[in-house]
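Nothing in this text is a laboratory measurement; each read-out follows from the coordinates by a stated rule. Because the structure is predicted, anything quoted here is derived from the model rather than measured. Don't worry about glycine lacking a Cβ; one is built from the backbone with ideal geometry, like all the others, and counts go over all protein chains shown.
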């Protein structure tokens, strides 16, 4: 019955969110006291990093205390790579037992929520990704999970990547192009060029992507363009040397759509472009590999699909440093489960999995692959063909995205249904 009740409540929450995101956000903010930091100079509050009594504890201090708690530490993870941490951690910290549950993101969150609501908490650590603010406002802000910011490690991470959570690593998506068709380098350096048309009204590129409306990370990226409309407008003017003409209509929606917003204009034009939706990332980059200079194609896919370059011999590469910015960083984050019976052990594991005091614990090793970037400045990125600062991506401002995300999803869905293509 509790499971049925939870999913009924969850469905209701989703419906309410789709109708009134801003109201939901204000309600969430009022319902629970956020754990926040305070700027010592201005006195202003901010989300993170948040320092508490745990922040300055060393591995040794946490280990000593962990042995006095429940020594079984349950990890709810969205990555199967977390399983590889069990044995090394237990060897490093005898007496502690790690149990990793490999779940998808919905299962991780719902499991923690059910335990929180029932008062029967068995989880200790939660790993998940938040791209649109739902985790922050509907789990963290509701007291289901809580932050842990180890001060010594956070000194090696930019503040922008600590604002909403403590990160494990970052990933992102890129537009891919065919290197044989464009031997001189990427054919675009601006988002507006992706949907560019020639003098006959024909698209310059065939476009391949996953269905944007079913990918929260992609919708969040388009939402960020709306929040950063001035940058999108400048990107257009810098590219074409003329003012952007606004062609979208606000009449079809029962919520306020901002007028003369370059991000909304881009969403509208993109929704009307000819494109092919493919759910598999490998097939997306294959479509680009099979394209030609006479019939060029671009695809939007996760950064890790670049491995097909060597593994399959595909003529593909990333388009980087696009104006106004290439992508949003999608951050995998670590949280402590509120009410854990292993508060020190949970935090010790989080320190271990994110590299430990010197970045050499070995915990990051399973997550070191092409398409994943460490966010610590003292951990070398040995896998990726380009360093994170060279790519033109930026941290995700999920607070701003959460406020408009449902509206962006509604606009995309409606406009796509009206596309002649």
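Residues that are buried (at least 22 other Cβ atoms within 10 Å of the Cβ) and part of a loop (DSSP other than H, G, I, E, B) within the stretch 327-339 comprise just one, 327. The single condition among (1) surrounded by fewer than 23 Cβ atoms within 10 Å (Cβ to Cβ); (2) part of a strand (DSSP E or B) that residue 169 does not satisfy is (1).
The set of residues in the stretch 361-378 that are more than 19 Å from the chain's Cα centre (by Cα) and closer than 16 Å to residue 329 by Cβ contains only 377.
Results for (1) in contact (Cβ under 8 Å) with a residue 12 or more places away in the chain; (2) crowded, with 24+ Cβ neighbours inside 10 Å; (3) in a helix (DSSP H, G or I); (4) touching a strand residue (DSSP E or B) at 6+ places or on another chain (Cβ under 6 Å), shown as yes or no for each residue.
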residue	(1), (2), (3), (4)
116	yes, no, yes, no
122	yes, no, no, yes
128	yes, yes, no, no
157	yes, no, no, no
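For the residues 318, 415, the requirement of being touching a helix residue (DSSP H, G or I) at 6+ places or on another chain (Cβ under 7 Å) and not in a helix (DSSP H, G or I) singles out 318.
Under the condition of being over 24 Å from the mean Cα position of the chain (by Cα) and surrounded by 14 or more Cβ atoms within 10 Å (Cβ to Cβ), the residues counted in the stretch 276-305 number 7.
Between 259, 215, 237, 231, the distinction of being under 25 Å from residue 401 (Cα atoms) and touching a residue at least 24 places away in the same chain (Cβ under 8 Å) belongs to 231 only. Within the stretch 214-233, can you find the residues that are in a helix (DSSP H, G or I), over 13 Å from the mean Cα position of the chain (by Cα) and farther than 15 Å from residue 269 by Cα? The answer is 214, 227, 230, 231.
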